[in-house]
Amino acid sequence: MRCALIVNPVAKRGKSILLAQRAQKRLTQYGWECDLLISQSGDHIRQLTRQAMAKKYDAVAIAGGDGSIHHAVQVLAKTETPLGIIPCGRGNDLVRTLGIPHNPEEAADVIGQGQIKRIDLGRILAANLLEPRYYCGIVTCGFDSDVAEFAHRHRNIPGGWFGYVGAALVLLAQFEFPEILVQGEGVDFKGQILLVATANCPAYGGGLNIAPMAQIDDGLLHVCIVRRTSKIRILFLMPTVFTGKHVLEPEVSIHPLERVRLVGKKPLPLYADGEPVGTTPAEIWVEPKSISVFVPRNELFS
(Lines give C-alpha, C1' and ligand atoms only; values in the text may rest on other atoms or scores of the structure.)
Protein backbone atom coordinates (compact mmCIF):
# COMPACT_ATOMS: atom_id res chain seq x y z
CA MET A 1 0.00 0.00 0.00
CA ARG A 2 1.27 3.45 -0.92
CA CYS A 3 0.32 6.78 0.65
CA ALA A 4 1.21 10.26 -0.59
CA LEU A 5 1.57 12.43 2.54
CA ILE A 6 1.30 16.07 1.45
CA VAL A 7 2.69 18.55 3.98
CA ASN A 8 1.90 22.23 4.41
CA PRO A 9 5.35 23.31 5.68
CA VAL A 10 4.13 26.50 7.38
CA ALA A 11 1.37 24.77 9.36
CA LYS A 12 1.73 24.29 13.10
CA ARG A 13 4.15 27.23 13.15
CA GLY A 14 6.64 25.36 10.98
CA LYS A 15 6.52 22.10 12.95
CA SER A 16 4.37 20.23 10.42
CA ILE A 17 7.27 18.53 8.60
CA LEU A 18 8.53 16.99 11.85
CA LEU A 19 5.00 15.88 12.74
CA ALA A 20 4.55 14.41 9.26
CA GLN A 21 7.82 12.50 9.59
CA ARG A 22 6.57 10.99 12.84
CA ALA A 23 3.37 9.93 11.09
CA GLN A 24 5.38 8.56 8.17
CA LYS A 25 7.46 6.40 10.50
CA ARG A 26 4.33 5.03 12.18
CA LEU A 27 2.70 4.20 8.83
CA THR A 28 5.71 2.15 7.77
CA GLN A 29 5.02 -0.06 10.80
CA TYR A 30 1.70 -0.95 9.17
CA GLY A 31 3.48 -1.91 5.96
CA TRP A 32 2.65 1.31 4.11
CA GLU A 33 5.09 2.92 1.70
CA CYS A 34 4.65 6.61 2.58
CA ASP A 35 6.14 9.40 0.45
CA LEU A 36 6.44 12.92 1.93
CA LEU A 37 5.54 15.67 -0.55
CA ILE A 38 6.15 19.31 0.51
CA SER A 39 3.59 21.79 -0.81
CA GLN A 40 4.21 25.44 -1.63
CA SER A 41 0.62 26.74 -1.82
CA GLY A 42 -3.00 25.70 -1.97
CA ASP A 43 -2.81 25.32 -5.74
CA HIS A 44 0.31 23.18 -5.30
CA ILE A 45 -1.59 20.91 -2.90
CA ARG A 46 -4.12 20.33 -5.67
CA GLN A 47 -1.35 19.65 -8.16
CA LEU A 48 0.36 17.16 -5.84
CA THR A 49 -2.97 15.44 -5.19
CA ARG A 50 -3.61 15.05 -8.92
CA GLN A 51 -0.12 13.65 -9.41
CA ALA A 52 -0.62 11.17 -6.57
CA MET A 53 -3.85 9.93 -8.12
CA ALA A 54 -2.21 9.66 -11.55
CA LYS A 55 0.52 7.53 -9.96
CA LYS A 56 -2.14 5.25 -8.44
CA TYR A 57 -1.36 5.90 -4.78
CA ASP A 58 -3.75 3.98 -2.54
CA ALA A 59 -4.37 7.02 -0.32
CA VAL A 60 -3.63 10.72 -0.06
CA ALA A 61 -2.98 12.19 3.39
CA ILE A 62 -2.68 15.84 4.38
CA ALA A 63 -0.44 17.11 7.17
CA GLY A 64 -2.00 20.53 7.60
CA GLY A 65 -5.15 22.27 8.70
CA ASP A 66 -8.67 22.73 7.38
CA GLY A 67 -7.45 25.01 4.59
CA SER A 68 -4.94 22.47 3.30
CA ILE A 69 -7.58 19.74 3.41
CA HIS A 70 -9.93 22.06 1.50
CA HIS A 71 -7.56 22.16 -1.46
CA ALA A 72 -6.99 18.39 -1.57
CA VAL A 73 -10.73 17.78 -1.43
CA GLN A 74 -11.22 19.68 -4.70
CA VAL A 75 -9.38 16.79 -6.39
CA LEU A 76 -10.43 13.82 -4.22
CA ALA A 77 -14.19 14.53 -4.28
CA LYS A 78 -16.25 12.01 -6.25
CA THR A 79 -13.33 9.55 -6.39
CA GLU A 80 -12.60 6.37 -4.46
CA THR A 81 -9.16 7.51 -3.26
CA PRO A 82 -9.41 7.93 0.53
CA LEU A 83 -8.21 10.97 2.45
CA GLY A 84 -6.09 10.63 5.57
CA ILE A 85 -5.46 13.53 7.94
CA ILE A 86 -2.49 14.31 10.18
CA PRO A 87 -3.72 17.38 12.12
CA CYS A 88 -1.34 20.34 11.89
CA GLY A 89 -3.70 23.31 11.64
CA ARG A 90 -4.91 26.11 13.87
CA GLY A 91 -8.56 25.09 14.00
CA ASN A 92 -8.61 21.39 13.07
CA ASP A 93 -12.40 21.41 13.08
CA LEU A 94 -12.82 18.57 10.58
CA VAL A 95 -10.61 16.20 12.58
CA ARG A 96 -12.55 17.11 15.71
CA THR A 97 -15.79 16.19 13.95
CA LEU A 98 -14.34 12.89 12.71
CA GLY A 99 -12.74 12.03 16.05
CA ILE A 100 -9.21 11.84 14.64
CA PRO A 101 -6.53 12.22 17.36
CA HIS A 102 -4.25 15.27 17.25
CA ASN A 103 -1.15 13.21 18.05
CA PRO A 104 0.59 12.41 14.72
CA GLU A 105 1.32 8.77 15.56
CA GLU A 106 -2.25 8.18 16.68
CA ALA A 107 -3.58 9.96 13.58
CA ALA A 108 -1.35 7.68 11.48
CA ASP A 109 -2.84 4.71 13.34
CA VAL A 110 -6.25 5.73 11.98
CA ILE A 111 -4.89 5.40 8.44
CA GLY A 112 -3.01 2.20 9.23
CA GLN A 113 -6.08 0.52 10.72
CA GLY A 114 -7.87 1.17 7.45
CA GLN A 115 -11.45 2.07 8.42
CA ILE A 116 -12.92 4.26 5.67
CA LYS A 117 -16.23 6.14 5.62
CA ARG A 118 -17.98 8.15 2.92
CA ILE A 119 -18.96 11.60 4.18
CA ASP A 120 -20.89 14.55 2.77
CA LEU A 121 -19.36 17.65 1.26
CA GLY A 122 -20.87 21.05 0.76
CA ARG A 123 -20.54 22.76 -2.59
CA ILE A 124 -20.68 26.45 -3.42
CA LEU A 125 -20.96 28.47 -6.60
CA ALA A 126 -20.33 32.12 -5.80
CA ALA A 127 -19.61 35.29 -7.70
CA ASN A 128 -15.94 35.42 -8.76
CA LEU A 129 -15.69 31.60 -8.86
CA LEU A 130 -15.23 30.05 -12.29
CA GLU A 131 -16.62 26.70 -11.11
CA PRO A 132 -18.27 25.28 -7.98
CA ARG A 133 -16.01 24.64 -5.00
CA TYR A 134 -16.32 21.76 -2.53
CA TYR A 135 -15.97 22.31 1.19
CA CYS A 136 -15.86 20.06 4.25
CA GLY A 137 -16.94 22.30 7.09
CA ILE A 138 -18.72 25.64 7.02
CA VAL A 139 -19.29 28.57 4.65
CA THR A 140 -19.26 31.86 6.53
CA CYS A 141 -20.88 35.15 5.56
CA GLY A 142 -21.00 38.40 7.52
CA PHE A 143 -19.05 38.90 10.73
CA ASP A 144 -17.42 35.48 10.68
CA SER A 145 -16.12 36.11 7.17
CA ASP A 146 -14.48 39.26 8.51
CA VAL A 147 -12.87 37.17 11.25
CA ALA A 148 -11.74 34.57 8.68
CA GLU A 149 -10.27 37.30 6.49
CA PHE A 150 -8.43 38.74 9.50
CA ALA A 151 -7.03 35.29 10.33
CA HIS A 152 -6.07 34.78 6.68
CA ARG A 153 -4.04 38.02 6.71
CA HIS A 154 -2.54 37.50 10.18
CA ARG A 155 -1.18 33.96 10.10
CA ASN A 156 0.74 34.54 13.33
CA ILE A 157 -2.34 34.89 15.55
CA PRO A 158 -2.99 31.97 17.92
CA GLY A 159 -5.04 29.07 16.62
CA GLY A 160 -8.28 27.66 17.98
CA TRP A 161 -11.07 29.49 19.72
CA PHE A 162 -8.68 31.83 21.58
CA GLY A 163 -7.46 33.35 18.32
CA TYR A 164 -11.02 33.54 17.00
CA VAL A 165 -12.31 35.41 20.05
CA GLY A 166 -9.33 37.77 20.00
CA ALA A 167 -9.94 38.63 16.34
CA ALA A 168 -13.68 38.97 16.97
CA LEU A 169 -13.18 41.49 19.76
CA VAL A 170 -10.88 43.56 17.55
CA LEU A 171 -13.34 43.59 14.64
CA LEU A 172 -16.69 43.91 16.40
CA ALA A 173 -16.40 47.62 17.20
CA GLN A 174 -16.12 48.58 13.52
CA PHE A 175 -18.48 45.93 12.11
CA GLU A 176 -21.39 47.16 9.97
CA PHE A 177 -24.36 44.78 9.80
CA PRO A 178 -24.95 43.75 6.16
CA GLU A 179 -28.35 43.13 4.60
CA ILE A 180 -28.90 39.74 2.99
CA LEU A 181 -31.54 37.52 1.42
CA VAL A 182 -31.47 33.86 2.51
CA GLN A 183 -33.69 31.50 0.50
CA GLY A 184 -34.23 27.75 0.79
CA GLU A 185 -37.04 25.26 1.22
CA GLY A 186 -39.28 26.82 3.88
CA VAL A 187 -36.89 29.74 4.42
CA ASP A 188 -37.23 33.24 2.98
CA PHE A 189 -35.32 35.65 5.22
CA LYS A 190 -34.42 39.21 4.33
CA GLY A 191 -32.78 41.57 6.78
CA GLN A 192 -29.62 42.69 8.52
CA ILE A 193 -27.46 39.97 10.02
CA LEU A 194 -24.50 39.41 12.24
CA LEU A 195 -23.71 36.25 10.28
CA VAL A 196 -24.98 33.37 8.18
CA ALA A 197 -23.12 30.06 8.54
CA THR A 198 -23.90 27.18 6.18
CA ALA A 199 -22.64 24.13 8.04
CA ASN A 200 -21.77 20.62 6.93
CA CYS A 201 -20.25 19.92 10.36
CA PRO A 202 -20.99 21.44 13.77
CA ALA A 203 -18.00 23.66 14.53
CA TYR A 204 -15.49 26.13 13.17
CA GLY A 205 -12.94 28.52 14.61
CA GLY A 206 -11.29 25.81 16.68
CA GLY A 207 -14.39 24.43 18.37
CA LEU A 208 -17.16 27.04 18.16
CA ASN A 209 -20.36 24.98 17.87
CA ILE A 210 -22.25 27.26 15.52
CA ALA A 211 -24.50 24.42 14.23
CA PRO A 212 -24.51 21.79 17.00
CA MET A 213 -27.06 19.53 15.29
CA ALA A 214 -25.12 19.32 12.01
CA GLN A 215 -23.76 15.92 11.03
CA ILE A 216 -21.22 15.27 8.33
CA ASP A 217 -23.14 12.33 6.88
CA ASP A 218 -26.83 13.30 7.16
CA GLY A 219 -27.33 14.67 3.63
CA LEU A 220 -28.15 18.16 4.92
CA LEU A 221 -26.59 21.55 5.51
CA HIS A 222 -27.55 23.42 8.66
CA VAL A 223 -27.94 27.13 7.95
CA CYS A 224 -27.48 29.30 11.04
CA ILE A 225 -28.82 32.86 10.76
CA VAL A 226 -27.91 35.32 13.52
CA ARG A 227 -29.93 38.49 13.07
CA ARG A 228 -28.76 41.99 13.91
CA THR A 229 -28.72 42.85 17.58
CA SER A 230 -26.80 45.28 19.78
CA LYS A 231 -23.05 44.82 20.05
CA ILE A 232 -23.33 44.59 23.83
CA ARG A 233 -25.80 41.75 23.33
CA ILE A 234 -23.35 40.06 20.92
CA LEU A 235 -20.67 40.08 23.63
CA PHE A 236 -23.08 38.17 25.89
CA LEU A 237 -23.99 35.75 23.07
CA MET A 238 -20.40 34.86 22.15
CA PRO A 239 -19.70 32.50 25.10
CA THR A 240 -22.88 30.51 24.38
CA VAL A 241 -21.50 29.43 20.98
CA PHE A 242 -18.91 27.23 22.70
CA THR A 243 -21.67 25.02 24.10
CA GLY A 244 -24.17 25.48 21.26
CA LYS A 245 -26.65 27.17 23.61
CA HIS A 246 -26.87 30.20 21.30
CA VAL A 247 -29.48 28.30 19.27
CA LEU A 248 -31.95 28.95 22.12
CA GLU A 249 -31.65 32.73 21.75
CA PRO A 250 -34.31 34.72 19.84
CA GLU A 251 -31.80 36.27 17.41
CA VAL A 252 -30.70 32.82 16.18
CA SER A 253 -32.42 30.36 13.86
CA ILE A 254 -31.17 27.05 12.40
CA HIS A 255 -32.54 25.64 9.14
CA PRO A 256 -31.65 22.10 7.89
CA LEU A 257 -31.60 22.39 4.09
CA GLU A 258 -30.27 20.59 1.03
CA ARG A 259 -29.71 23.87 -0.81
CA VAL A 260 -29.61 27.58 0.08
CA ARG A 261 -29.24 30.82 -1.86
CA LEU A 262 -27.49 33.89 -0.40
CA VAL A 263 -27.86 37.33 -1.99
CA GLY A 264 -26.32 40.36 -0.31
CA LYS A 265 -27.56 43.90 -0.88
CA LYS A 266 -23.93 44.42 -1.88
CA PRO A 267 -21.33 41.69 -2.57
CA LEU A 268 -20.36 40.03 0.71
CA PRO A 269 -17.13 38.00 1.09
CA LEU A 270 -17.56 34.26 1.64
CA TYR A 271 -15.11 31.85 3.26
CA ALA A 272 -15.27 28.05 3.24
CA ASP A 273 -13.03 26.04 5.58
CA GLY A 274 -11.30 29.37 6.28
CA GLU A 275 -10.45 29.86 2.57
CA PRO A 276 -11.85 32.69 0.39
CA VAL A 277 -14.46 31.43 -2.09
CA GLY A 278 -15.76 34.59 -3.75
CA THR A 279 -18.70 36.78 -2.80
CA THR A 280 -22.47 36.79 -2.81
CA PRO A 281 -24.66 36.04 -4.67
CA ALA A 282 -24.06 32.35 -4.06
CA GLU A 283 -25.75 28.97 -4.35
CA ILE A 284 -24.73 26.40 -1.73
CA TRP A 285 -25.81 22.76 -1.66
CA VAL A 286 -24.91 19.40 -0.15
CA GLU A 287 -23.22 16.58 -2.07
CA PRO A 288 -24.01 13.45 0.00
CA LYS A 289 -21.39 10.73 0.48
CA SER A 290 -18.91 12.48 -1.82
CA ILE A 291 -15.52 11.59 -0.38
CA SER A 292 -13.86 8.68 1.42
CA VAL A 293 -12.04 9.48 4.67
CA PHE A 294 -10.05 7.37 7.12
CA VAL A 295 -11.86 7.46 10.48
CA PRO A 296 -11.19 5.88 13.89
CA ARG A 297 -12.66 2.45 14.54
CA ASN A 298 -14.68 3.87 17.42
CA GLU A 299 -16.13 6.80 15.45
CA LEU A 300 -19.56 7.69 16.83
CA PHE A 301 -21.14 9.90 14.20
CA SER A 302 -24.11 8.31 12.43
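The values are calculated or read from the model by the stated rules, or taken from the named source; none is laboratory data. Predicted model, so just to flag it, every value in this text is computed and none were measured. Counting neighbours? That spans all protein chains shown, and the Cβs are built from the backbone with ideal geometry, glycine included.
In summary, strands (runs of 3 or more DSSP E) completely within segment 183-261 and bearing 2 or more residues that are touching a His at 6+ places or on another chain (Cβ under 6 Å) and either on the phi > 0 side of the Ramachandran plot or surrounded by 17 or more Cβ atoms within 10 Å (Cβ to Cβ) (or both) occur at 252-257.
Here is the figure for segment 65-82: residues that are outside any helix (DSSP H, G or I) and out of contact with any strand residue (DSSP E or B) (no Cβ under 7 Å at 6 or more places or on another chain) total 2.
Against the definition (in contact (Cβ under 8 Å) with a residue 40 or more places away in the chain and not assigned by TED's automatic domain parsing to the domain that holds residue 91), how does residue 239 come out, yes or no? In short, no. Taking the criterion of being of a type in the set (Asp, Glu), over 14 Å from residue 272 (Cα atoms) and under 16 Å from the mean Cα position of the chain (by Cα), the only residue of segment 114-144 that qualifies is 120.
Quick check, is residue 44 over 15 Å from residue 4 (Cβ atoms) and either acidic (Asp, Glu) or not in a loop (DSSP other than H, G, I, E, B) (or both)? For residue 44, the condition - over 15 Å from residue 4 (Cβ atoms) and either acidic (Asp, Glu) or not in a loop (DSSP other than H, G, I, E, B) (or both) - is not met.
Against the list (1) outside any strand (DSSP E or B); (2) among the aliphatic types (A, V, I, L, M); (3) within 19 Å of residue 3 (Cβ to Cβ), the condition residue 85 fails is (1).
Among residues of segment 14-29 being closer than 18 Å to residue 90 by Cα and over 19 Å from the mean Cα position of the chain (by Cα), the one that is surrounded by the fewest Cβ atoms within 10 Å (Cβ to Cβ) is 14.
If only residues of segment 211-265 that are in contact with a Leu (Cβ under 9 Å, 6 or more places away or on another chain) and among the polar types (S, T, N, Q) are counted, the one that is farthest from residue 196 (Cα to Cα) is 240.
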